[in-house]
Structures are given as structure tokens and as C-alpha cells.
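Here is the structure we will look at, set down as C-alpha cells.
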Amino acid sequence: MNRHKCLSQKHAEYVNGARGSVTEEKMRKWFAESTELLGENMYILNYPERVFNMDETCFYLAPKGELILGPCGSNVYDEQTNSNKKNITTLFAANALGNWAPLLTIYKYERIPAKIAQSAPPGWGLGKFENSWMTSETFYEYIAIIFVPHLIDSNIPRPVVVFLDGHSSHLSLRLSKFCRENGLILITLYPNSTHILQPLDVAVFGPLKSSWKKTKTMANRQ
């Protein structure tokens, strides 16, 4: 590596077959369909405070170690936590101005410990599920109990547009009815294209997870 300065070690980014099948033609069709869906509400896109992106990601409390170097013949260990609650899922929501709505964090607990509830930032949502994943019921509660009140408190006029992926954990008949009645226009991104179209996935989660891993490694060493 020292001889070839143009080279550097880097993790390969895996692109599965479904993602690889996304074409320009399909993307243009999605844009056309989204424009048609917005119809007379197309003007909303001129008001960045009314255009939101939602996405969720998983944070590992005991991240897997990377390849490391050590003396030949010696055992080399990477620090790990002993937590049996290995990951949490967090739902993020931000508008095109860069302003954040309160987050929702889902824990793998039957009952959320008081210490976690007391340390959560004001307005944040706390959820629990057996595998710490998002469900349609949890997502509905976030929209109804946290997101819409945030719009009201922030004096953001409705309707608003929310771009999100079309995972089944986000969509339900109950949610669709609530959104119609409360001025929320949900637009699902083209399948398997979040690595292109999802702003949070493209620009936020990468640096955030890198910092999370560094912070977690430092904490484990203390």
C-alpha cells in the first residue's frame, strides 16, 4: 500500500441484483407518476419546509470488529460489548430545509427501562418490539402522535409531502386514511432505488454510522 499511493483500503459496497436493475427509464417513469400523483399539489415542492423525507436505519450496540493487524502467533481481539440487546432501529424525518422532526427509536425490550425513557431528548418517540424492527402500527403511532403534532407546533402549513420507501412496515389502510384527513401526501420511492433517491440514506446515514462506530469503539475501550 505504501508503494501505491493511489490505492487505499475500503469496504466494498454491495449492490444486489434488484438494485442493479434500476434503470434511467424506470426512474423517469417514477418521476412522471409522482408528478401525476401530486397533481394540483405540485406547488408544495416550492416550499422546502413542507417537503419531508423519512427513513429508518439500524444501529448495532455491539458492532462487528474490522480486520486488524497484530503480531504473528499472537491472538488479537477486538473490543465487544456484552449487551444482549444488540441493536436499535431509529426512524429519522427531516424536511428539505434541513430541519429535523423528533425521532423514533425502537428497542428490543418488552418494557423500556426507566433510565432510557428519562434520558431521551424531549419530544422523541420510544418504541418497543420483540425484534426492534419497525411495524405498521408503530409507524402509524409515530405519524399520528409525534409527526403531525410537530407540524402544528412548528407552524408548518399542510398539506405536506413525505417521501419514504414502500416497505410494508410503513403502509397500512389506517395510515392512508389518517394521512388523507390530516394533509399528509405520502409518496413511496421507486423500489430498490433508495441508494439513489433516498436523501437520508445517501447523505446522512453513512457519516452518522461511521461516527457511531468510532464513538462505540472508544467507549468500549474505556
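The values are calculated or read from the model by the stated rules, or taken from the named source; none is laboratory data. Here the structure is a predicted model, which is why all the values come from computation and not from measurement. Every residue, glycine as well, gets a Cβ built from its backbone with ideal geometry; the counts of neighbours run over all protein chains shown.
Condition (residue is in contact with a strand residue (DSSP E or B) (Cβ under 6 Å, 6 or more places away or on another chain), modelled with pLDDT of 80 or more and farther than 30 Å from Trp212 by Cα) applied to region 21-38: is it met by at least one residue?
yes
Of the conditions (1) loosely packed, with under 14 Cβ neighbours inside 10 Å; (2) out of contact with any Phe, Trp or Tyr (no Cβ under 7 Å at 6 or more places or on another chain), Phe205 satisfies every one except a single condition; which number is it?
(1)
So which helices (runs of 4 or more DSSP H) stay within region 134-217 end to end and still have 3 or more residues that are free of Cβ contacts under 8 Å to residues at least 60 places away in the same chain and of a type outside the set (Asp, Glu)?
136-141, 148-153, 173-182
Is at least one residue of region 202-210 more than 19 Å from Met54 (Cβ to Cβ) and modelled with pLDDT under 80?
Yes.
Being loosely packed, with under 15 Cβ neighbours inside 10 Å and within 15 Å of the chain's Cα centre (by Cα) is the filter here, so list the residues in region 170-198 that pass it.
Within region 170-198, His195, Ile196 meet the criteria.
Please give the number of the condition Gly123 fails out of (1) touching a residue at least 40 places away in the same chain (Cβ under 8 Å); (2) under 26 Å from Trp212 (Cβ atoms).
Looking at each condition in turn, Gly123 falls short on (1).
Of these, Lys128, Lys108, Lys115, which one is touching a Phe, Trp or Tyr at 6+ places or on another chain (Cβ under 6 Å), among the charged types (D, E, K, R) and at pLDDT below 90?
Exactly one residue qualifies, and that residue is Lys128.
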